[in-house]
Amino acid sequence: MKTKVSSVGTVAAQSARFDTPLALKSGAVLPACELVFETYGTLNAAKSNAILVCHALSGHHHVAGTYADQPKNLGWWDNLIGPGRPLDTGRFFVVGVNNLGGCHGSTGPSSNNPATGKPWGADFPVVTVEDWVQAQARLADHLGIDAWAAVIGGSLGGMQAMQWAIDLPQRIRHALVIAAAPKLTAQNIAFNDVARQAILTDPDFHGGHFYEHQTTPQRGLRLARMLGHITYLSDDQMGEKFGRALRNKEGGLGYGYGVEFEVESYLRSQGDKFAGYFDANTYLLMTKSLDYFDPAHRCGGDLAAALKPALAKFLVISFTTDWRFAPARSREIVNALLKNDQNVSYAEIASDYGHDSFLLEGAHYHAVLSAYLKRVKL
Amino acid sequence: MSHRLGRPDFEVIAGWVQPGERVLDLGCGDGALLKLLIETRGARGYGVDIDDANVLAAINNGINVIQGNLDTGLAGFVDGAFDHVVLSRTLQTVRHTQEILTAMLRVGREAVVSFPNFGYWKNRAAVLNGRMPVSDDLPYAWYDTPNVRFFTMLDFEALCAEMNIRVRERQVLDEQGQLVIEEHNFLGSLAVYRITKG
């Protein structure tokens, strides 16, 4: 019997509260926290079919499906999840979670600080990928899941899958690390810092306490997103999509500084859209968490040594035109695993769409994920 | 560079792999050889292939497969990581013959190399008759062949001697996949060598 391929349909967010203090890598302690999450499919009796989806910089728990009252609000990785899709909800129980420090319902800078009764703002501790894994493990406990069949993520999400395999080797059987890197390069950090500077120098930022001023640093956040967006696309793709096309096709050049090129219009609208809903402090925190990610650091830079405790089998995927986290960066992860004689498969997917490719529905890309996940024993 | 199931050289190679040994299969195709070695020999290891469809097929077969060309594919492995490094029906497609042999014997204790023998009498006859040979083991027309090196068993053995590579064992097959027991360079269509550093 062939399953009809479809979306998961209508979904609803849930939340879980954890009152045990969480000691963070920075040394700070979060007294309590709440995580919002969504689940798709059914957890089997053995609780062996759960897959955790980790989100990247601007993602959240709404990974698949739509909400009853928001039929157009499609989850950010909907193309991957549902009956007959690579993360087949006929077989797997899929969990999406908004990470600590996020701005979609989980405890973060825009939540109230119990000590002051006011939003945390800049006082919210910087959380790291390691901290996210600890928090996600609490969610796994809450759901009664001893070990994930798989943890999957793209970009910063892929880094979480790696960290799971390192920190909690008994609790993850497969790590799917997509469009990621073992650590950021100076260039990566530089892009993140320009984005942060855009936010930090916005007069509406108010040292991170803009909530009390009934304002948001929209200009900074918009610039940060515009910059980020450029790095998610490939040069060729931008050339093909926009080229040098002008908004006003008949009018010619305006010899001024308004919106003229289509690419300007596109980036500004992406920036505006993002600045309208995303929290500036969360953006700062997420980029910092990316910058800090470096599991090899505690092993003197030896990635293989860092990955040694991992028991999970790995699928590493990169995209040819991704220059933010280029295929060579994925190869570093692969080579470290090979050095340890660990189970790993690696696919380098031909794609025109740069870093964003991991979010898109490429036939071969999805076929590789499907093939791999079909082999995952429950 | 892809394996077909049930290829006669697979049986020869399987006979050389001891239980639990580590195998690297370069140009692993759909992973059929590794799968055979895992299932019948309890071997472990990885396949390397450049082709999308082969990588997908190998993942479908449950094989650890690394997508890459032979150069990047081998660069990722540490010295002596494998008991056997297999290059099946691929050496004739590689431009840097000596480099690949050296790299294989760097990452592996021994290498298994199979290739179509250009010295096979039918190939010689084809050339004598004025045409490039086309057969089961050399299935391509001259204008679309992936093969860039044409050599005989004697040529290969001369290169091994020059590179101080020791031929530990060799098996030679005819077009039907039957073992050739005499006049190997004349009667053999496919040669399978087991080589180590001299």
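If we only count helices (runs of 4 or more DSSP H) wholly inside segment B:41-136, which ones have 3 or more residues that are within 30 Å of A:Leu373 (Cβ to Cβ) and within 14 Å of chain A (Cβ to nearest Cβ)? Answer list for segment B:41-136: B:52-60, B:70-75.
Any idea which of A:Leu80, A:Leu52, A:Leu35 is crowded, with 21+ Cβ neighbours inside 10 Å and touching a Pro at 6+ places or on another chain (Cβ under 6 Å)?
On the way: A:Leu52 fails: touching a Pro at 6+ places or on another chain (Cβ under 6 Å); A:Leu35 fails: touching a Pro at 6+ places or on another chain (Cβ under 6 Å).
Answer to the check: A:Leu80.
For segment A:212-243, a residue qualifies if it is crowded, with 17+ Cβ neighbours inside 10 Å, modelled with pLDDT of 95 or more and hydroxyl-bearing (Ser, Thr, Tyr), and exactly one does: A:Thr216. Residues in segment A:260-279 that are outside any helix (DSSP H, G or I) and either surrounded by fewer than 17 Cβ atoms within 10 Å (Cβ to Cβ) or in contact (Cβ under 8 Å) with a residue 40 or more places away in the chain (or both): 3 in all.
Of all residues in segment A:306-334, those satisfying the criterion of being more than 20 Å from A:Ala150 (Cβ to Cβ) and either within 11 Å of another protein chain (Cβ to nearest Cβ) or of a type outside the set (A, V, I, L, M, F, W, C) (or both) are A:Lys308, A:Thr320, A:Thr321, A:Asp322, A:Arg324, A:Pro327, A:Ala328, A:Arg329, A:Arg331, A:Glu332. Among the conditions (1) surrounded by fewer than 19 Cβ atoms within 10 Å (Cβ to Cβ); (2) in contact (Cβ under 8 Å) with a residue 40 or more places away in the chain; (3) not hydrophobic (A, V, I, L, M, F, W, C), the only one that B:Thr72 does not satisfy is (2). Please indicate, with yes or no, whether at least one residue in segment A:335-343 is of a type in the set (Asp, Glu) and facing another protein chain (nearest Cβ under 10 Å). Yes, there is a match, as at least one residue in segment A:335-343 is of a type in the set (Asp, Glu) and facing another protein chain (nearest Cβ under 10 Å). In segment A:344-373, the residue that is farthest from A:Pro169 (Cα to Cα) out of those that are without any contact (Cβ under 8 Å) to a residue 24 or more places away in the chain and at the interface with chain B (Cβ under 8 Å from one of its Cβ atoms) is A:His364.
The values are calculated or read from the model by the stated rules, or taken from the named source; none is laboratory data. Quick caveat: nothing in here was measured; it's all calculated off a predicted structure. Using ideal geometry, Cβ is built from the backbone for each residue, glycine included, and neighbour counts are taken over all protein chains shown.
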